[in-house]
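Since the structure comes first, as structure tokens, the remarks are kept for the end.
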Amino acid sequence: MNKITKDRYLPTGPELCQSAQLYDITGDKMVLLSDFPTVGEPHYAAGCPADLIKPNQTKIYKLEENKHPYATLKAEDARVERDGKNVHVYMTMIRSHFTPDNIEGVKTGDRVYFHVTNLEQDYDVPHGISMVGANTSELLIMPGQTETFVWEPKNVGVWPFYCTDFCSALHQEMQGYVRVSPAGSTIPLKWSLDGE
């Protein structure tokens, strides 16, 4: 299955289809057996002329048009702030990392708000984010957009978050961690930007 073949199909939904390709590799040369769009539910597809769609598609999403109240429009503005038991993580995502990517000082009993902005602007680069125990199984965040999810850690430990939508050859590197301490801990809130 080849998921690198982007930009072969018209953007008819929230995400551009990727190509599924099946190859026979038993001979001297690979032979393409099947080539079709994938992602989502292909049997829901409907046909229409391309000239109805193409003139209305958006190619570039301008970050300055993002009006989300918790948007972080530059990676250097990413931060983590505490307000009592509420912790706000102002996070950015871009191929292939999150900023911040390692967070400490979160405690059991905290309510953590992840405000995540996708800094990509090309229409075909959504990113996903997921974390065990969050109030949603995952978020798919389209280019230039910000979404928020809530996480309430119940146990001490190190908790990963990661990109859930294939985005580049370094997709598996797109991850980070939150270290959760006991409720009475005095570990200060701190974070790293791109592993620093």
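Numbers below:
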{"read-out": "Residue count for segment 110-151, restricted to those that are in contact with a Lys or Arg (Cβ under 7 Å, 6 or more places away or on another chain), over 18 Å from ALA169 (Cα atoms) and of a type in the set (D, E, K, R)", "value": "2"}
{"read-out": "Any chance THR108 is polar (S, T, N, Q), at negative phi and within 12 Å of the chain's Cα centre (by Cα)", "value": "no"}
{"read-out": "Test: GLU138 is surrounded by fewer than 19 Cβ atoms within 10 Å (Cβ to Cβ) and at pLDDT below 90", "value": "yes"}
{"read-out": "Options PRO49, PRO11, PRO37; residue that is outside the structural domain of ALA169 (by TED's automatic domain parsing), at pLDDT below 85 and surrounded by fewer than 17 Cβ atoms within 10 Å (Cβ to Cβ)", "value": "PRO49"}
{"read-out": "The listed residue being within 30 Å of PRO182 (Cβ to Cβ) and without any contact (Cβ under 8 Å) to a residue 60 or more places away in the chain, out of GLU104, GLU152, GLU120", "value": "GLU152"}
{"read-out": "Residue ID - modelled with the highest pLDDT, chosen from residues in segment 171-196 that are buried (at least 17 other Cβ atoms within 10 Å of the Cβ) and small (Gly, Ala, Ser)", "value": "SER181"}
{"read-out": "Residue count, segment 67-90 (criterion: buried (at least 17 other Cβ atoms within 10 Å of the Cβ) and more than 16 Å from the chain's Cα centre (by Cα))", "value": "3"}
{"read-out": "Residue count for segment 158-196, restricted to those that are within 14 Å of the chain's Cα centre (by Cα) and part of a loop (DSSP other than H, G, I, E, B)", "value": "8"}
{"read-out": "Selection within segment 143-157 - in a loop (DSSP other than H, G, I, E, B) and either not aliphatic (A, V, I, L, M) or not assigned by TED's automatic domain parsing to the domain that holds TYR90 (or both)", "value": "PRO143, GLY144, GLN145, GLU152, PRO153, LYS154, ASN155"}
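For (1) of a type in the set (A, V, I, L, M); (2) modelled with pLDDT under 90, each residue gets a yes or a no:
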site: TYR123; (1), (2): no, yes
site: PRO126; (1), (2): no, yes
site: VAL132; (1), (2): yes, yes
site: GLN145; (1), (2): no, no
site: LYS154; (1), (2): no, no
site: TRP159; (1), (2): no, no
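The values are calculated or read from the model by the stated rules, or taken from the named source; none is laboratory data. All values reported here derive from a predicted model rather than from experimental measurement. Please note: Cβ atoms are built from the backbone with ideal geometry, for glycine as well, and neighbour counts cover all protein chains shown.
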